2 protein chains.
Amino acid sequence: MLSLGIDPGTASLGYGLVREHDDGSLTCVHYDVIRTRADTPMPQRLKQIHDELVVIVERYQPDRAAVEELFFARNVTTAITVAQARGVVLLALQNAGLPIAEYKPNAIKQSITGYGGADKTQMQEMVRLLLTLDNRPRPDDAADALAVAIADLQHYRLASFNTV
Amino acid sequence: MLSLGIDPGTASLGYGLVREHDDGSLTCVHYDVIRTRADTPMPQRLKQIHDELVVIVERYQPDRAAVEELFFARNVTTAITVAQARGVVLLALQNAGLPIAEYKPNAIKQSITGYGGADKTQMQEMVRLLLTLDNRPRPDDAADALAVAIADLQHYRLASFNTV
């Protein structure tokens with residue numbers, strides 16, 4: 001079971017691919033960020049994000065996709081910008097026919113560390129341990145995306161058990 | 001010069017096509033809304049909006065497109081949902097190679113009525129008069145989209161003059 005986790009953004013969109021093996025162990029297949037330039041018009045940046053994500057899906061053929069939900073208490077302008085990117089991400093995943101799950105940030109933290117208020121360092125250290133990586137994944141957006149994929153696989157496994 | 005105006009939304013996305021003739025007069029070519037069902041998963045709704053918009057662009061072949069900017073002082077959740085739809089709209093327009101303009105709601109009101117604080121009825125009545133329609137266009141989202149297209153044509157004409 002290969003899950004593609006995504007941390008939406010416009011300047012930097014994180015993605016991470018995590019495989020769960022039959023024994024329940026996890027391996028990191030790939031992670032990176034899609035970067036777009038601030039001096040490029042937004043429609044072009046959205047197209048770049050969409051098109052690069054389509055290539056990633058074609059290359060790695062994930063079984064599932066998971067996207068972090070947006071939570072902004074303060075800056076509505078930032079929320080709108082990131083949500084536009086999230087829209088083209090959902091479109092690309094839908095067009096690929098993937099099951100798409102969405103998780104709130106604190107649900108991801110809860111899933112990874114057992115604590116919804118975990119800080120960034122704790123999260124990245126847990127991602128490193130769960131994926132048996134030598135170092136914490138960088139940059140932050142890619143590490144967040146790996147956490148989304150791990151949470152998705154955990155959630156999917158629990159859901160499978162529940163339906164037995 | 002044919003402009004496609006868009007009032008973004010998820011449950012109901014308004015669009016309107018307005019042609020400006022050489023004598024500066026305007027005619028309404030078409031207007032309607034794209035509706036999606038609230039009980040459908042968001043990725044499917046975004047795909048529906050995107051795909052229907054692609055068909056509209058292919059059918060009417062506009063020269064330009066204009067999209068209303070989002071302004072939400074209060075409800076961030078609504079802002080995020082509408083912004084996701086706006087993202088797939090911008091993607092479809094960018095893929096069609098159209099020049100894309102974006103206008104703030106009060107700039108559109110200012111352009112149509114001369115007053116940035118005009119109410120909905122005043123706006124729709126001015127749209128009706130400018131397009132010499134028998135009745136005010138309905139529903140609201142479609143009327144708003146026609147206003148976006150009119151404002152775009154006015155802005156484009158002024159911009160053309162400025163560069164002479």
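The values are calculated or read from the model by the stated rules, or taken from the named source; none is laboratory data. If you're wondering where the values come from, they're calculated on a predicted model, not measured in any experiment. Quick reminder, even Gly has a Cβ in these numbers, built from the backbone with ideal geometry, and neighbours come from all protein chains shown. SASA here: full protein model, heavy atoms, side chains in, ligands and nucleic acids out. Shrake-Rupley method; radii C 1.70, N 1.55, O 1.52, S 1.80 Å.
A few points about this structure:
- Estimated translational D of chain A in µm²/s (Stokes, Kirkwood radius over Cα pairs; 37 °C; 0.692 mPa s): 207
- Legend: mean number of C-beta atoms from other chains within 10 angstrom of residue C-beta atoms, peptide B:41-52, equals 5.
- The Cα atoms of the protein assembly as shown define a convex hull whose projected area, averaged across directions, is 18.8 nm².
- Stretch in chain B that is longest and holds no trypsin sites (Lys or Arg not before Pro) that DSSP places in a loop and that have at most 14 other beta carbons within 10 Å: B:75-164
- Within a Gaussian network of chain A (alpha carbon springs, distance under 10 Å), most fluctuating of A:SER12, A:SER25, A:SER111: A:SER25
- The share of accessible area on chain B that comes from carbon and sulfur is 49 percent, using a 1.4 angstrom probe.
- Our summary gives region A:78-163 a relative contact order of 20 percent, counting only alpha carbon pairs under 8 angstrom and 6 or more residues apart.
- Summed over the residues of region A:1-74 and divided among them, the accessible surface reaches 48 Å² per residue at a probe radius of 1.4 Å.
- Taking Cα atoms only, the orientation of helix A:140-163 departs from the longest principal axis of chain A by about 50 degrees.
- Dipole magnitude of chain B, debye to nearest 20 (Cβ charges: Lys/Arg +1, Asp/Glu -1, about Cα centre): 340
- Look at the dipole of chain B built from charges on Cβ: of B:GLY117, B:ALA79, B:HIS50, the Cα furthest out on the positive end belongs to B:ALA79.
- Helix A:76-95 axis, angle to chain A major axis (alpha carbon atoms, nearest 10°): 70
- Calculated [θ] (222 nm, deg cm²/dmol) that DSSP helices of n ≥ 4 give over chain B, each run adding -39,500 (n - 2.57): -17000 deg cm²/dmol
- Label points for A:THR77 are taken 7 Å from Cα along Cα→Cβ. From this copy to the others they lie 2.6 nm apart, shortest first.
- Cα centroid of region A:78-142 to Cα centroid of region B:104-164, whole Å: 42
- Interface of B with A. Using a 1.4 Å probe and counting protein heavy atoms only, the two chains hide about 1900 Å² of accessible surface, both sides summed.
- With the whole protein complex present, B:LEU98 retains an accessible surface near 20 Å², based on a 1.4 Å probe.
- Shielded residues, region A:87-118 - accessible-area loss of 50 Å² or more between chain alone and all protein chains, probe 1.4 Å: A:LEU91, A:GLN94
- Region B:1-48-region A:23-59 distance, computed between alpha-carbon centres (Å): 29
- Copy-to-copy label distances for B:VAL54, where each label lies 7 Å from Cα along Cα-to-Cβ, are 0.8 nm in order of increasing length.
- C-alpha long axis of helix A:120-130 to longest principal axis of chain A, angle in °: 50
- The alpha carbon radius of gyration of region A:62-119, expressed as a multiple of 2.2 N^0.38 Å, is 1.28.
- Sorted from closest to farthest, the other copies place their A:THR40 label points 3.0 nm away, with each point set 7 Å from Cα along Cα→Cβ.
- GNM result for chain A, Cα springs below 10 Å: residue of A:HIS50, A:HIS30, A:HIS21 fluctuating most strongly: A:HIS21
- Base-10 log of normalised Debye intensity for region A:115-164 (one unit scatterer per alpha-carbon) at q = 0.14, 0.21, 0.30, 0.33 Å⁻¹: -0.39, -0.74, -1.14, -1.25
- Within a Gaussian network of chain A (alpha carbon springs, distance under 10 Å), most fluctuating of A:GLN44, A:GLN154, A:GLN124: A:GLN44
- FRET efficiency, A:LYS120 to A:TYR60 (Cβ-Cβ, R0 25 Å, nearest 0.05): 0.45
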